[in-house]
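Enquirer: Here's a structure for you.
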Amino acid sequence: MNCPKYIVRMPLLAHCVLLLLLVTGGAAFAQIATVQGRVADKQTGEGLIGASIMLSPRGSVRSSEYVYAFEDMRLTMPVLTGNDTQAQRTGAVALKNGTFELKNVRAGDYVLTVRSIGYKNVVKVVTVSTDQSLTLEIPMVQDIQGMDAVVVTGVASRMQKSVAETAIGRVDAVTLAENMKFSDPAQMLLGKVSGVNIAPSSGAVGTGVRITVRSSAGLLGGQPMIFLDGTRLLSVDYYKVFEVDEISPLINISPEDIATIEVLKGPTSSCLYGTSGQNGIVLITTKRGQNVRGLLSGASTLSSDPIFRYQYSAGWQEPSRLYTEDIALTSPSVNRVFRHGPLQQHDVSLSGNVGVVNYYASMEYRKEQGILPKNAMERISGRVNLDIIAAKGLTAKISSAIIYNNTDAAFTADGGGQYYSWIRNTLTANPFANKQFSTADSLAIASIDNTFNIDQFIGSAELLYTPVFLEGLRLRMLVGTENNRSRFLTYVPSGTSPFLAGGARSIRSSYARRFNLDLNAAYSREIMEGWTINAIVGAQAFDNHFGLDIANSSNFLTPLVQTVQSGQGAVPAETVSSFREAGIFGRFETNYLQTYFLSFGVRNDFASTLGSEVPSILYPQASASVRLDKTGLLPDAINLLKLRAAYAESGRLPTLTQSSRTWKLYYGGGSSLTGPVINQLYLDNAGNSAIRPERIQEVEIGMDIEVSNVVGGEFTYYIQNSRDAIVDVQTPSSVGLGQVPQNIGGINGWGFESQIYAHIVSTADEDLQLSAIFNYADNRVLNIGKNSFIPFGNPLNTNYILPGFRRGVFMDFVPLRPNFLANGYYDWQKGPTLDTVRTALGSTVPLYTGSLAATFRFLHDCTLYAMIDGGLGKSMLNLTRQENTLVGNNKRFNQLLTALGLAKGQAADIGLEVPAASGVAVLSPTSPEYRSAAEEFMHLDPRRGVVANYLERADWVRLREVSLRWNMRPTLASLIPGFSTTLRELAIGISVRNVALWTNYSGIDTEYNSPGNIPSEAQAQSTDRWVLVQPRVVQFTLNIGF
Amino acid sequence: MVDRIFLLHTVKALCGFLVALSVWSCQDFVQGVQKPINTINDTDLNDEAQLPILFAGISGYLGQYWRFASMYLSTLSDEFRTVEGISQNNVLPIFREFDNGTPLLERTDREWGYLSSVRFHAQDLLDRVPKIRFSQDSNRLKCLFVGYFHIALVQHHYAAFWGISPRQGGGVLLGGPFIPSSQMHDSALANFNRALLSVRTDYERRLVNSFIARIHLLEGRKKECLTSARLGLREGDAPMSLLYPPTTQNVWSDNAGLNHQIIPADRFHDYVKAEPAEAGRIPLSVGNAPVANRIIPYYVQAKYDADVSPIDLITWEETSLMIAEMLVLDNDAAAALVEVNRVRAAVRRVPGIAALALRSTTNLDSIRLERQKQLFATGLRILDQRRFNDWHFPPSLANTAWYYLPISQRERNSNPNLPPN
């Protein structure tokens, strides 16, 4: 080698140093340029502060990075990828007026990616020339439907919504909560996501909801699975005491903490979550801290100013409707019981970035009183979310919340609590006895304590790792836990009610320990130009442990001492239940040119059993979509046209005891023959060792379209099919086995869901967005084996699962003709002649549902928001009216009673103690008018054909949400110098919920959804028994941000 | 090339191993769940030490069944009636329906289920006998006796107290077709006879024979009734009673005690008024009903005045009265009188009142009266009303009032062999 000596003689280390100097020196002296510009709203021209601008050398951007992302990169850019710190990449955040500047950019071709929350991503190629100062104007189009947001498409899959292969519902909770004040996440979902129906279980404060997704996949339906930041919550949790309305776990989640809510609507998208996700998944993601100043290499070490937000809200609740004489003659009594319940709430949050840590911390205090006395809730919660860039490519995310909730639960429902129900006692009192209260007076009811306390911790720790040694590999581990302790106390003082003359006390203390684990690995790679693959494998596990300690006693000698042991019959009871689920899954996703998408996967699920053979089942899944707008075949005006199709299976595994026979002991007596005993043996579970998992199939096809970034829609049609449903079938009582789990058939479900949205006006001063949702969901029960139907266990056994009918159909023997005594009077004892076969009379869930929402910003800073929802095809069993009729509290019934001569003291007095109504002509028993009146009277008979007589259509349209908000900051900033630097946010607003209701139902409210004693937790019974009307909630809010 | 094939197989094997490991891990994880502490595995009951628990299942359900069923039957019969206005406690609608003879079919879901559970538990006990290792043969015999006896008892109750329609008595076994009373009673007799093969004491033998005698009485087989009754319970024998667990509220006192509105027919007070010593077997309490500014006394049963008052299923007194009735029918009034007076002499003395006077003559009517008094508030009165076609329902209900407890709606709903209504 012919080279200078001094070089040859240099030691190896010196070679390296020289090489390094050459390289870095070369870089230092390379031709560089500056890229600057402004990011602005295309319509309004307003600068977008906080928009992120990334400049990546062309060829270094992997399409998989955006298609198969960990999460919404727009929300978490600073902590996202390990490649962000690579030297050749650079980036910035738009600051004042949306301007940005990137210095020291080397010449070359770059891919410019601009992202801003609420706007569609801008991706374009730019060329930076030597010694040039490149100026870019970047107009951004609003993403009104969040199509560019990354949504969860499977247990370990995330995609932009615009390319997702299934219908994913997504609620931008931040934007939503800006305009409207909510008390829990369920309210945020109501009317916002197509295919999802939310029904409150009562108008009382702190009660639960029923969530129905699509047509509910399994034979018995069910609730969707709920995750909060990856922690799995049970959909239905806390026990009821004395028939108080069920309490939902969602009531403890502060809406102000929520960033997004996503809904995976059926097996096609929830398949890989396993059997518990057969009825959909609700994924609630809370807010995270953001580094809005530093973004990429170098800058990420800077800390950003913390963002402090405070919101104060105050208002009241009042009954959204009042009783009228048409509902009950005693309506003034019950209306007098209602009250204006004050409420107030404080929300404080702090978010920002310190070095490698992004943080979000919040506290909430909410205190509200319901529209009934003794109904109130006090909730205190705190949350800390941390994102830590622990090392290059390694991010740790910690989410934690502690909640304290103290609820005074008013008695409103049927069952045992009816005797202490404000509504029942006032409404169903005999109007002619001059009584306001039927079984207990107001002082007595007010003396009852019925409180529910819960202390809860919900937290998750997540590790995301993108190793630098293998580009495209992503590893994720999440551990979630929910622990709670609750105490339900009911104390009925002596003398309150003749049914519990000596008083009673009941304590239910429960604890729950839940743990879930997600492990998954994903590998994405562009295997050839434009063709990207993504492979995922993973495992999930869930451990649930629940314990309940009960102590009841009654007959207290004195109210001075109230402990359980002071009463008689103090009996402790203990319940412990545990179950575990686990699953392993794999999924393969691929796309070509981000235009054609195909995925398929499989999951094997396992569940605990007391039997020897672990229930296990394999579920497949496949889906595909095509972005026709990217094929070049469509006009430019169509900026999105996606066709999608998916098939998946899910199911329901047998529970812990369904495959084996188990026994329990219960308090019981003996006989002189076999000796006295205290506890008797009873069969707890008949068991069925041949039980198989229920299998549910779903096919979904859909289309997403958006035109000119202004008008769009999502349309989905689905078919669900369930086979081998596991049902605890009531065997003939004479067998003695009670209910035996059997695979007895299935159900077909189908439906159509759609959402249309439009961004009609968009100027600096005015903005109008409209959104409409229309859903249709139906189902038919298939053959269910030898047992012709399954009655649900409501008070009258009126809902059935019957082949050929909708799930939970109301059935009854219809009255055909009245019967008359020999003297011609109506035969009250015999009642009407009933049909010999039951007739299907109505459905518990609506056939059609929908909503219409409008958000109108005017005068630049004022926003008016309104949402209407409604439903068609639902029936309500008005047992309130039936009970009222029995005590003479039904105006029309009393008139007919008088006309027919059956009232008190009349010729054919039937002993109802109802006096003759004034002004009503008494008809001759032989007259045709009498027969005609008898026909009408027959259909009000409260004893025979009750369901036929008191089932009513309950279609409704409700003006659900209205709000008005004034963002004061711009105005004040223009008036007060320096104001804008002091306050980031200043706004006031008013929100009104349940503004008005229009319905053909004669009762007080169409929304009552108590689960009662039905075999599944999901199926609504739609039975009105002293239902509490939904409250109208008026709240004023003040938002301040620093 | 070989290396690549080897590598491929190695990767395949590794993947297979990982999948197998994952499956095994999942199975292991889900089965590591904490076992319930409040349930008993079925096979754990195949143990001699668990016999008291197995017996308790039978007797517990029998008690739960008869506590309410006896009240329903007494209200359905002319023995008790529902009234209003004597207290503030409402009468449960179910009792009003039984009083009117028109119970809804679903009203008996619970009691029908309890009675059927007695049969199920008894059969379950018999099924376990071959699986249990007995240390003493007497325990095995007791199992057989208790099992067959209770199956027979259930069948007797199906036949005697239940019906598919207002006038057609009988029951159902194991979800099968309706079995009329006489046929059901034949099955009961067969099982009582099986129980007799396993009796361990004379008392058990006599107890079985008393039930057999009642079956023959109801089926109109006089000779067989007399024969069995003579082998049945005798004076001094304890009744077969259903025992309440401590602190459980007594159904009778809770619904037909003081301040409640289910009261005995007026004639029972008349009986006591005529013969104060009758209070020993017709215990009554007096209450005061405020009606229109005045107080009207009313009488309620006081037989079950304590929470733990047991309910008798059969007594030696009933057996003696069966003998007396059969003797009268056999024209042996003198012998019958002995039995009647044996019963009267044994009536519990009421403090301060002379013992119940003995009768000098007897006949069928007086025995029927003795039965009414002796069987007061036991639910058995309806058997005599049916035997002697002695009904109290108004003419409008002459054809529709139930003479039985209706086989429940739930059974009709779930049993494809039965008509729905």
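Enquirer: Find the residue count for the stretch A:604-648, including only residues that are within 11 Å of chain B (Cβ to nearest Cβ) and not aliphatic (A, V, I, L, M). Reasoning before the result, please.
Expert: So in the stretch A:604-648, the residues within 11 Å of chain B (Cβ to nearest Cβ) come out as A:604-616, A:618.
After this cut, where a residue has to be not aliphatic (A, V, I, L, M) as well, the list is A:604-606, A:608-609, A:611-613, A:615-616.
Looking only at that region, the number is 10.
Enquirer: Separate question: Which of the residues spanning the stretch B:96-121 are hydroxyl-bearing (Ser, Thr, Tyr) and part of a helix (DSSP H, G or I)?
Expert: Taking the stretch B:96-121 as the starting set, the residues that turn out to be hydroxyl-bearing (Ser, Thr, Tyr) are B:102, B:108, B:114, B:116-117.
Matches in the stretch B:96-121: B:108, B:114, B:116, B:117.
Enquirer: Looking at residue A:665 and the list (1) surrounded by fewer than 17 Cβ atoms within 10 Å (Cβ to Cβ); (2) facing chain B (nearest Cβ under 8 Å); (3) without any contact (Cβ under 8 Å) to a residue 40 or more places away in the chain, which single condition is not satisfied?
Expert: Among (1) surrounded by fewer than 17 Cβ atoms within 10 Å (Cβ to Cβ); (2) facing chain B (nearest Cβ under 8 Å); (3) without any contact (Cβ under 8 Å) to a residue 40 or more places away in the chain, residue A:665 violates only (1).
Enquirer: Here's a follow-up. Quick one: in the stretch B:28-49, which of the residues that are touching a helix residue (DSSP H, G or I) at 6+ places or on another chain (Cβ under 8 Å) and more than 10 Å from chain A (Cβ to nearest Cβ) is surrounded by the fewest Cβ atoms within 10 Å (Cβ to Cβ)?
Expert: Step by step, filter the stretch B:28-49, then rank; the result is B:48.
Matching residues to (1) closer than 30 Å to residue B:227 by Cα; (2) more than 27 Å from the chain's Cα centre (by Cα); (3) exposed (fewer than 15 other Cβ atoms within 10 Å of the Cβ); (4) within 14 Å of another protein chain (Cβ to nearest Cβ):
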{"site": "B:354", "(1), (2), (3), (4)": "no, yes, yes, no"}
{"site": "B:395", "(1), (2), (3), (4)": "no, yes, yes, yes"}
{"site": "B:401", "(1), (2), (3), (4)": "no, no, no, yes"}
{"site": "B:415", "(1), (2), (3), (4)": "no, no, no, yes"}
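Enquirer: Run down A:152, A:193, A:123 and say which single residue is assigned to a loop (DSSP other than H, G, I, E, B) and of a type in the set (Val, Ile, Thr). Steps first, please.
Expert: Working: A:152 fails: assigned to a loop (DSSP other than H, G, I, E, B); A:123 fails: assigned to a loop (DSSP other than H, G, I, E, B).
Matching residue, one of A:152, A:193, A:123: A:193.
Enquirer: It is to be established whether one or more residues within the stretch A:540-557 are among the polar types (S, T, N, Q), closer than 30 Å to residue B:21 by Cβ and touching a residue at least 24 places away in the same chain (Cβ under 8 Å). Full working, then the answer.
Expert: Just the residues of the stretch A:540-557 that are among the polar types (S, T, N, Q), to begin with: A:540, A:544, A:552-555.
So of that shortlist, the ones also closer than 30 Å to residue B:21 by Cβ come out as A:540, A:544.
Among the residues that remain, those that are also touching a residue at least 24 places away in the same chain (Cβ under 8 Å) are: A:540, A:544.
Yes, the stretch A:540-557 has at least one match.
Enquirer: If I filter the stretch A:803-827 down to residues being part of a strand (DSSP E or B) and hydrophobic (A, V, I, L, M, F, W, C), which single residue comes out as nearest to residue A:931 (Cα to Cα)?
Expert: Filtering the stretch A:803-827 down to residues part of a strand (DSSP E or B) leaves A:809-817, A:820, A:826.
Okay, now just the ones that are also hydrophobic (A, V, I, L, M, F, W, C), so A:809-811, A:813-814, A:816, A:820.
Details: A:809: 32, A:810: 29, A:811: 27, A:813: 21, A:814: 18, A:816: 13, A:820: 9 Å.
Top of the filtered list is A:820.
Enquirer: Inspect the stretch A:331-344 for any residue being in a strand (DSSP E or B) and among the basic types (Lys, Arg) and give the result as yes or no. Steps first, please.
Expert: As a first pass, look at the stretch A:331-344 and keep what is in a strand (DSSP E or B): A:341-344.
Subset that is among the basic types (Lys, Arg): none.
Checked against the condition, which is being in a strand (DSSP E or B) and among the basic types (Lys, Arg), the stretch A:331-344 yields no hits at all.
Enquirer: Can you tell which of A:509, A:524, A:486 is of a type in the set (Ser, Thr, Tyr), surrounded by 17 or more Cβ atoms within 10 Å (Cβ to Cβ), modelled with pLDDT of 85 or more and under 30 Å from residue A:575 (Cβ atoms)? Let's see the steps before the verdict.
Expert: Working: A:509 fails: surrounded by 17 or more Cβ atoms within 10 Å (Cβ to Cβ); A:524 fails: under 30 Å from residue A:575 (Cβ atoms).
A:486 is the lone residue from the list that is of a type in the set (Ser, Thr, Tyr), surrounded by 17 or more Cβ atoms within 10 Å (Cβ to Cβ), modelled with pLDDT of 85 or more and under 30 Å from residue A:575 (Cβ atoms).
Enquirer: Shifting gears a bit: When the stretch B:382-421 is examined, which residues are found to be assigned to a helix (DSSP H, G or I), closer than 26 Å to residue A:831 by Cα and of a type in the set (Ser, Thr, Tyr)?
Expert: B:396
Residue-by-condition table, conditions (1) at pLDDT 95 or above; (2) under 30 Å from residue A:660 (Cα atoms); (3) within 14 Å of another protein chain (Cβ to nearest Cβ):
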{"site": "A:708", "(1), (2), (3)": "no, no, no"}
{"site": "A:726", "(1), (2), (3)": "no, yes, no"}
{"site": "A:729", "(1), (2), (3)": "no, yes, yes"}
{"site": "A:735", "(1), (2), (3)": "no, yes, yes"}
{"site": "A:741", "(1), (2), (3)": "no, yes, no"}
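Enquirer: Can you list the strands (runs of 3 or more DSSP E) lying wholly within the stretch A:707-760 that have 1 or more residues being under 30 Å from residue A:642 (Cβ atoms)? Steps first, answer last, please.
Expert: Details: elements: A:711-723, A:726-730, A:739-743.
The qualifying strands (runs of 3 or more DSSP E) are A:711-723.
Enquirer: At least 3 residues that are closer than 30 Å to residue A:615 by Cβ and in the same structural domain as residue A:739 (by TED's automatic domain parsing) in each: list the strands (runs of 3 or more DSSP E) lying fully within the stretch A:628-695 that qualify. Talk me through it step by step, then tell me what you get.
Expert: Values: elements: A:638-652, A:662-667, A:679-685.
Strands (runs of 3 or more DSSP E) meeting the threshold: A:638-652.
Enquirer: In the set B:199, B:251, which member is at pLDDT 95 or above and within 12 Å of chain A (Cβ to nearest Cβ)?
Expert: Values: B:251 fails: at pLDDT 95 or above.
Being at pLDDT 95 or above and within 12 Å of chain A (Cβ to nearest Cβ) holds for just one of B:199, B:251, which is B:199.
Enquirer: When you go through (1) over 30 Å from residue A:583 (Cβ atoms); (2) surrounded by fewer than 23 Cβ atoms within 10 Å (Cβ to Cβ) one by one for residue A:202, which number turns out not to apply?
Expert: Of (1) over 30 Å from residue A:583 (Cβ atoms); (2) surrounded by fewer than 23 Cβ atoms within 10 Å (Cβ to Cβ), only one is false for residue A:202: (2).
Enquirer: Name the residues in the stretch B:202-228 that are of a type outside the set (Lys, Arg) and within 13 Å of chain A (Cβ to nearest Cβ), would you? Give the derivation first.
Expert: From the stretch B:202-228, those of a type outside the set (Lys, Arg) are B:202-204, B:207-213, B:215-220, B:224-228; that's our starting set.
Residues satisfying the conditions are B:203, B:204, B:207, B:208, B:210, B:211.
Enquirer: Another question, then. How many residues are out of contact with any Lys or Arg (no Cβ under 8 Å at 6 or more places or on another chain) and over 23 Å from residue A:314 (Cβ atoms) if we restrict to the stretch A:354-390?
Expert: So the count comes out to 8.
Matching residues to (1) within 11 Å of chain A (Cβ to nearest Cβ); (2) assigned to a helix (DSSP H, G or I); (3) buried (at least 18 other Cβ atoms within 10 Å of the Cβ); (4) without any contact (Cβ under 8 Å) to a residue 60 or more places away in the chain:
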{"site": "B:14", "(1), (2), (3), (4)": "no, yes, no, yes"}
{"site": "B:26", "(1), (2), (3), (4)": "yes, yes, yes, yes"}
{"site": "B:51", "(1), (2), (3), (4)": "yes, yes, yes, no"}
{"site": "B:64", "(1), (2), (3), (4)": "yes, yes, yes, yes"}
{"site": "B:94", "(1), (2), (3), (4)": "no, yes, yes, yes"}
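Enquirer: Sticking with this one: Residues to consider are B:108, B:102; find the one that is within 12 Å of another protein chain (Cβ to nearest Cβ) and either over 23 Å from residue B:399 (Cβ atoms) or touching a strand residue (DSSP E or B) at 6+ places or on another chain (Cβ under 8 Å) (or both). First the steps, then the outcome.
Expert: Values: B:102 fails: either over 23 Å from residue B:399 (Cβ atoms) or touching a strand residue (DSSP E or B) at 6+ places or on another chain (Cβ under 8 Å) (or both).
The conditions single out B:108.
Enquirer: Same structure again: So which of A:872, A:972 is surrounded by fewer than 18 Cβ atoms within 10 Å (Cβ to Cβ), aliphatic (A, V, I, L, M) and within 29 Å of residue A:809 (Cβ to Cβ)?
Expert: Values: A:972 fails: within 29 Å of residue A:809 (Cβ to Cβ).
The unique qualifying residue is A:872.
Enquirer: Please find, within the stretch A:134-176, the residue that is modelled with the highest pLDDT out of those that are of a type in the set (Gly, Ala, Ser) and more than 22 Å from residue A:115 (Cα to Cα).
Expert: Pass one, the stretch A:134-176, residues of a type in the set (Gly, Ala, Ser): A:146, A:149, A:154, A:156-157, A:162, A:164, A:167, A:169, A:173.
Then keep just the ones that are more than 22 Å from residue A:115 (Cα to Cα); that gives A:154, A:156, A:167.
Numbers: A:154: 73, A:156: 74, A:167: 88.
Across the stretch A:134-176, the extreme among qualifying residues is A:167.
Enquirer: Pairs needed: first member in the stretch A:561-586, more than 9 Å from every other protein chain (Cβ to nearest Cβ); second member anywhere, of a type in the set (S, T, N, Q) and surrounded by fewer than 17 Cβ atoms within 10 Å (Cβ to Cβ); C-beta distance under 7 Å; at least 6 residues apart or different chains.
Expert: Pairs found: A:567/A:555.
Enquirer: If you don't mind, there's one more thing I want to ask. Could you run through the stretch B:274-318 and say how many residues are without any contact (Cβ under 8 Å) to a residue 24 or more places away in the chain and more than 28 Å from residue B:236 (Cα to Cα)? I'd like the intermediate steps shown before the answer.
Expert: Filtering the stretch B:274-318 for residues without any contact (Cβ under 8 Å) to a residue 24 or more places away in the chain gives B:274, B:283-284, B:286, B:288, B:290, B:292-295, B:297.
Remaining after also requiring more than 28 Å from residue B:236 (Cα to Cα): B:286, B:288, B:290, B:292-295, B:297.
Total satisfying the criteria: 8.
The values are calculated or read from the model by the stated rules, or taken from the named source; none is laboratory data. Since we're looking at a predicted model, the values are computed, not measured. Glycine gets a Cβ as well: all are built from the backbone with ideal geometry, and neighbour counts include every protein chain shown.
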